[in-house]
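The values are calculated or read from the model by the stated rules, or taken from the named source; none is laboratory data. These numbers were taken from a predicted model, which means no experiment stands behind them. Here Cβ is always computed from backbone atoms with ideal geometry, including for glycine, and neighbour counts include all displayed protein chains. Only protein heavy atoms, including side chains, enter the accessible area calculation; ligands, DNA and RNA are left aside. Shrake-Rupley method; radii C 1.70, N 1.55, O 1.52, S 1.80 Å.
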Amino acid sequence: MNKFLAPLLMALLISAGSEAQYTYQKEIQQWDSVRYAFLISDTGWVNLAGLLWLAEGRNSFGADPSNDIVFPPGTIAGKAGYIELRNGSVTLIPNPNANVLVDGKKKGSAIIYQKDWTTLPVCSSGNLRWNIKRSDDKYGIRLRDLKSPAIHQFKPIPRYPADSSWKVQARLSARKESGGLIITNVLGQTSEHPSPGKLVFELQGKSYSLETTTEGDQLFIIFGDETSGSTTYPSGRYLYASMPDKNGYTMLDFNKSINPPCAFTEFATCPLPPKQNILPVAITAGEKYGH
């Protein structure tokens, strides 16, 4: 190669690499902005005000401390009505003057949960919103306060600088074992989740793998690593990936590793990483723990 062209070509390659990294960093910044907006949205995690477990039978609810289910003071009528749990079906029976709505409408009573439902009605009163959360054999009220002070106090999540070297190709190795992936949550409940298999990939010249489940049209990964409990959330982080292509490949972008809901609220029932998803390497990418 011409001795005058070689330095020019090298400079162009360096410039192209720097531009690509800059473009990637902007992509992660935009992604991070969308993530922050979700967390403080009406359906995000920051506004949660309670996870109130129901007993089988009729549960009185409202702001009065004498109720079976006590809502925050001043947020709802003292005696707002009853929530009845019978064999996995939940019915709301509001008091006539309590200003309690179901999907924006006043009703004398309404079924608000059944086992086979995929979309749940939203109950409301003033700034409060709630629906039923099932966790294994437990049923509870997931309560939100749309005017929660926590929304205004919430700050951007600290993160590692975006680095495209943490975006790696992964191959899905189909699950050979019978049954699904066994996962335990923060309540100590253990359940089996359908799993298409594990993602096999390389980091810094070494091969690793992560077991997956599915969420919607994406692969869902719960993992821990050597940063867990120091710079990142102690109970691990979450990561999503696109479904593999026809050849079985997808991309794992550890810059999009996120804290679980439990990092932002005590009213969540987060699944924990299975032991085979604890990586013996420090993943210095994605969200840190600073809340």
**OP:** Kindly provide the helix-only [θ] at 222 nm of the chain, computed as the sum of -39,500 (n - 2.57) over DSSP H runs of four or more divided by all residues, to the nearest 500 deg cm²/dmol?
**Re:** -4500 deg cm²/dmol
**OP:** Evaluate the relative contact order of the chain (contact order divided by residue number), counting alpha-carbon pairs under 8 angstrom at least 6 apart; express in whole percent.
**Re:** 15 percent
Original post:
Magnitude of the Cβ-charge dipole of the chain, K/R +1 and D/E -1, about the Cα centre, nearest 20 debye?
Top reply: 300 debye
Original post:
Amide H neighbours of residue 175 under 5 Å, counting only residues 5+ apart in sequence or on other chains, H built in-plane at 1.01 Å?
Top reply: 197, 198
**OP:** Sort by residue number and name the cysteines in the chain that have no neighbouring cysteine Cβ under 4.7 Å.
**Re:** 123
Subject >> Karplus-derived HN-Hα couplings along segment 184-193 (A = 6.51, B = -1.76, C = 1.60, θ = phi - 60°), whole Hz, x at Gly and Pro >> reply: 10, 9, 5, 7, x, 7, 10, 9, 9, 10
Original post:
Between the DSSP loop rule and a limit of at most 13 other Cβ atoms within 10 Å, which GluC sites (Glu not before Pro) in segment 127-213 are left?
Top reply: 177
Subject >> Vicinal HN-Hα couplings computed from phi for segment 145-161 (Karplus, 6.51 cos²θ - 1.76 cosθ + 1.60; Hz; Gly/Pro x) >> reply: 10, 5, 10, 4, x, 4, 4, 6, 8, 6, 10, x, 7, x, 8, 6, x
Subject >> trypsin sites (Lys or Arg not before Pro) within segment 91-137, DSSP loop, no more than 11 other Cβ atoms inside 10 Å >> reply: 115
Subject >> Placed amide H near residue 107: partners under 5 Å, 5+ positions off or other chain >> reply: 102
Original post:
Of the residues 20, 110, 37, which exhibits the maximal mean-square fluctuation in a Gaussian network model of the chain defined by a 10 Å Cα contact cut-off?
Top reply: 20
**OP:** Using a 1.4 angstrom probe on heavy atoms only, work out the carbon and sulfur share of the accessible area of the chain in %.
**Re:** 52 percent
Subject >> Positive dipole terminus of segment 64-197, leading residue within 96, 69, 122 (C-beta point charges) >> reply: 122
**OP:** Would you kindly find the accessible area of residue 34, with a 1.4 Å probe and non-protein molecules such as ligands, DNA and RNA excluded, rounding to the nearest 10 Å²?
**Re:** 100 Å²
Subject >> Restricting segment 156-190 to trypsin sites (Lys or Arg not before Pro) in coil, as DSSP defines it, with at most 13 other Cβ within 10 Å >> reply: 176
Original post:
When all protein chains stay in place, what accessible area (Å², nearest 10, 1.4 Å probe) is found for residue 79?
Top reply: 110 Å²
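Provide the per residue accessible area, probe 1.4 Å, for the chain, rounded to a whole number of square angstrom.
Values: 15500 Å² over 291 residues.
On a per-residue basis, the chain sits at 53 Å².
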